[in-house]
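Visitor: Could you have a look at this structure, given as structure tokens, before my questions?
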Amino acid sequence: MTEEKRPKNRLNKRFDKLRDREIHGYNPNDSGGRAFKKLKSNRLAVIGLIFVILTISASIFAPFVTQYDPQKVDLRSMLKPPSSDHILGTDKIGRDVFARIIYGGRISILVGLGSALGAALIGVSIGAYTGYRGGWWDSIFLRISEIVMSFPQIILVLLLVSILGQSLMNLIIIFTLTGWGSLYRMTRAQMLSLREEEYVQALRAFGLSRTMICYKHILPNALGPIMVNITLSTAMFILQEAGLSFLGLGVPLNIPTWGNILNVAQDLRILQNYWWVWLPSGITISFFVLAVNFVGDGLRDSTDPTLQG
Amino acid sequence: MILVISFLIYLGLELTPGDAVSFMLPPDALMNIKPAELEQIRDSLGLNQPFIVRYFLWLGGVIQGDFGYSLASGVPIKDIVLDRLPATLELSISALILSSILGVIFGTISALYRGSITDNCFTFFGMLGVSVPEFIFGLIALVIFALNLRWLPVGQRILPGYDSYWDHMPHLIMPAGVLALMMTAGVMRYSRSSMLDSLNKEFIRTARSKGVPEWRVNFIHGLRVALIPIVVLIGFRFPMLIGGTVIIEQVFQWPGVGELFVFNVRSQNYPLVMMVAFLSVIAVLLASFLIDLFTALLDPRVKLE
């Protein structure tokens with residue numbers, strides 16, 4: 001046996017017992033459970049969460065929800081109003097609007113969530129390390145984030161779209177590149193206050209490496225606000241995708257997304273006479289974003305220790 | 001910092017795919033053109049010099065107010081932007097003023113009657129305002145007020161036959177109203193929490209115990225302190241305002257800088273896109289500077305250095 005055996009005293013035994021219990025999932029002061037309970041008592045957040053889950057599962061299992069193909073052109077049924085055949089009618093070239101919204105949800109949610117997670121990955125990993133370390137790395141990244149954030153976001157996004165070209169992947173990358181600033185700032189601010197805590201001093205005294213301290217020991221304590229921010233960013237990116245696609249500069253027009261469906265509303269004739277082509281998609285976006293925002297707010301109320309009561 | 005940004009903008013637009021010359025000429029003329037002539041055109045546009053030289057030439061020009069020429073029409077960019085600027089300023093400033101006033105009023109009411117039905121209604125509409133994309137709101141307004149009720153004109157700004165400045169006001173109502181309403185939601189949410197914060201402070205209790213009338217406590221003592229973070233927030237939302245105008249101008253075909261920008265992003269007219277982006281950054285930095293001054297005015301504790 002290479003591992004050195006510890007002396008069998010009372011303290012070690014107690015410690016082993018505690019660790020065993022934790023491994024088996026028993027934790028007397030499990031804050032996750034309490035936060036979850038608080039979230040459950042927030043009615044709006046629960047409704048929001050249910051709506052989000054329903055929408056996501058409808059778009060994942062889209063082929064089971066609707067029998068129409070969102071891309072299939074049917075020139076015999078152009079601009080048909082809603083009927084029992086087509087729940088939300090058909091668009092300019094006879095595609096089923098309901099199917100397009102359901103399938104469009106896949107892409108819109110993917111863009112929103114993917115960009116938010118990408119932005120979180122960059123923002124949090126840089127923010128945690130440089131915030132903890134300080135020094136000139138910190139000032140460099142702070143400057144970079146200042147530069148990115150001094151652009152009005154949509155202008156920067158449009159600039160990058162014109163440079164990188166329009167595609168789904170590019171859009172996610174662009175949103176990630178333009179949106180990491182706020183997450184970085186927040187993580188950094190959290191780190192700046194947490195690194196002065198006593199347990200950090202203790203860890204440093206033990207001689208733990210910097211990466212270990214900041215990612216493994218400090219970061220989990222800053223996770224609550226980060227999660228909230230990721231949720232709210234998802235909502236924001238979905239809105240931005242819709243705006244860009246509405247301008248015709250987002251996801252390529254042949255892929256159905258919530259924003260691309262709205263693109264036809266630039267045509268005044270469609271806008272006035274064929275409400276079912278664009279309005280349902282607009283309502284879907286609004287309600288989905290509203291629901292995500294409710295969930296985000298609920299999460300904030302339940303994880304913020306200053307509101308704990 | 002502006003230097004770094006200007007360099008980045010220039011670098012980014014250099015890498016834009018698509019040859020600028022091809023956007024200047026109609027396709028059939030481009031077919032007939034000889035390579036030597038093409039070179040000559042490129043030379044006259046300054047496209048053949050090394051990158052760094054072009055950057056400094058450009059920067060020198062910008063400082064002197066020479067923004068270069070639009071590649072599509074050969075007209076000075078300064079003229080094009082100046083031509084569009086009043087429309088955008090008109091739209092954004094009216095929206096900014098309207099939303100700040102409405103947002104602060106609604107937020108204050110909502111904080112004063114905390115927990116009442118009014119408060120809940122305001123909070124819900126605030127949430128709705130943050131969640132509904134502005135262009136959807138704009139489209140709905142367009143359908144109702146312009147297409148069905150025909151109260152207001154559909155888009156555009158100045159039509160031939162308008163002689164006085166106030167003639168185009170009906171055109172302004174919808175875009176400015178929609179933009180203002182979207183911004184009001186955010187300002188309101190923030191004013192509410194800021195007002196609640198300041199009403200819980202000790203000096204409010206002191207004022208009450210001195211027998212200051214209730215309205216004075218709320219508006220003179222409470223609101224003044226609550227206003228400081230609100231002003232900062234309005235400043236921070238300035239980039240959002242610019243973003244909002246880009247989309248709203250498209251919805252209402254408002255001939256402002258935002259519409260110009262989108263059009264030229266599509267046609268990759270890079271000197272123009274570059275200048276508009278650069279100007280927007282300068283506008284943002286200027287706004288944050290003004291906000292600093294304004295906070296110092298409102299808050300005697302803040303000192304300017």
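Visitor: Report, by residue number, each residue of region B:265-305 that is among the polar types (S, T, N, Q) and modelled with pLDDT under 80. Lay out the reasoning, then the answer.
Guide: Residues of region B:265-305 among the polar types (S, T, N, Q): B:267-269, B:280, B:288, B:295.
Across region B:265-305, the qualifying residues are B:S267, B:Q268, B:N269, B:T295.
Visitor: Which residue pairs have Cβ atoms under 7 Å apart, sit 6 or more places apart or on different chains, and have a first residue in region B:249-269 that is more than 8 Å from chain A (Cβ to nearest Cβ) and surrounded by fewer than 24 Cβ atoms within 10 Å (Cβ to Cβ) and a second that is part of a helix (DSSP H, G or I) and polar (S, T, N, Q)?
Guide: From residues that are more than 8 Å from chain A (Cβ to nearest Cβ) and surrounded by fewer than 24 Cβ atoms within 10 Å (Cβ to Cβ), the pairs are B:E259/B:Q250.
Visitor: Right, another one. Scan B:L290, B:L241, B:L279 and give me the residue that is out of contact with any helix residue (DSSP H, G or I) (no Cβ under 6 Å at 6 or more places or on another chain) and under 17 Å from B:R84 (Cα atoms). First the steps, then the outcome.
Guide: On the way: B:L290 fails: under 17 Å from B:R84 (Cα atoms); B:L241 fails: out of contact with any helix residue (DSSP H, G or I) (no Cβ under 6 Å at 6 or more places or on another chain).
Exactly one of B:L290, B:L241, B:L279 is out of contact with any helix residue (DSSP H, G or I) (no Cβ under 6 Å at 6 or more places or on another chain) and under 17 Å from B:R84 (Cα atoms), namely B:L279.
Visitor: When the residues of region A:47-68 are narrowed to those that are exposed (fewer than 15 other Cβ atoms within 10 Å of the Cβ) and assigned to a loop (DSSP other than H, G, I, E, B), which ends up modelled with the lowest pLDDT?
Guide: Among those residues, the one meeting the criterion is A:Q67.
So that you can scan it fast, the table gives a plain yes or no per residue for (1) within 14 Å of another protein chain (Cβ to nearest Cβ); (2) at pLDDT 85 or above:
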residue: A:G134; (1), (2): no, no
residue: A:M149; (1), (2): yes, no
residue: A:I163; (1), (2): yes, no
residue: A:L168; (1), (2): no, yes
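Visitor: Separate question: Determine whether A:D301 is within 10 Å of chain B (Cβ to nearest Cβ), surrounded by fewer than 22 Cβ atoms within 10 Å (Cβ to Cβ) and in a helix (DSSP H, G or I).
Guide: Taking the combined requirement at face value, the residue does not satisfy it.
Visitor: Looking only at residues in region A:244-296 that are assigned to a helix (DSSP H, G or I) and of a type in the set (G, A, S), which one is farthest from the chain's Cα centre (by Cα)?
Guide: Residues of region A:244-296 that are assigned to a helix (DSSP H, G or I), as a first pass: A:244-247, A:258-266, A:268-273, A:275-296.
Keeping just the survivors that are of a type in the set (G, A, S) gives A:245, A:259, A:265, A:281-282, A:286, A:291, A:296.
On the way: A:S245: 19, A:G259: 18, A:A265: 27, A:S281: 20, A:G282: 20, A:S286: 16, A:A291: 13, A:G296: 10 Å.
Applying the filter and picking the extreme gives A:A265.
Visitor: Which of the residues that make up region B:235-246 are more than 7 Å from every other protein chain (Cβ to nearest Cβ) and either modelled with pLDDT of 80 or more or outside any helix (DSSP H, G or I) (or both)?
Guide: B:R237, B:L241, B:G244, B:T245
Visitor: Hey, another quick one. Of all residues in region B:96-139 being assigned to a loop (DSSP other than H, G, I, E, B) and touching a Leu at 6+ places or on another chain (Cβ under 9 Å), which is surrounded by the most Cβ atoms within 10 Å (Cβ to Cβ)? Outline the logic, then answer.
Guide: At the first step, the residues of region B:96-139 found to be assigned to a loop (DSSP other than H, G, I, E, B) are B:113-116, B:132-133.
From what is left, the residues that are touching a Leu at 6+ places or on another chain (Cβ under 9 Å) are B:114, B:132-133.
Values: B:R114: 14, B:V132: 22, B:P133: 24.
If we take residues in region B:96-139 being assigned to a loop (DSSP other than H, G, I, E, B) and touching a Leu at 6+ places or on another chain (Cβ under 9 Å), then B:P133 is surrounded by the most Cβ atoms within 10 Å (Cβ to Cβ).
Visitor: Here is a further query. On the basis of being without any contact (Cβ under 8 Å) to a residue 12 or more places away in the chain and either closer than 26 Å to B:E259 by Cβ or touching a Gly at 6+ places or on another chain (Cβ under 9 Å) (or both), does A:L223 make the cut?
Guide: Details: without any contact (Cβ under 8 Å) to a residue 12 or more places away in the chain: yes; either closer than 26 Å to B:E259 by Cβ or touching a Gly at 6+ places or on another chain (Cβ under 9 Å) (or both): no.
Spelling it out, it is not the case that A:L223 is without any contact (Cβ under 8 Å) to a residue 12 or more places away in the chain and either closer than 26 Å to B:E259 by Cβ or touching a Gly at 6+ places or on another chain (Cβ under 9 Å) (or both).
The values are calculated or read from the model by the stated rules, or taken from the named source; none is laboratory data. Because the structure is a prediction, the values reported are computed rather than measured. Note that we place each Cβ from the backbone using ideal geometry, even for glycine, and neighbour counts take in every protein chain shown.
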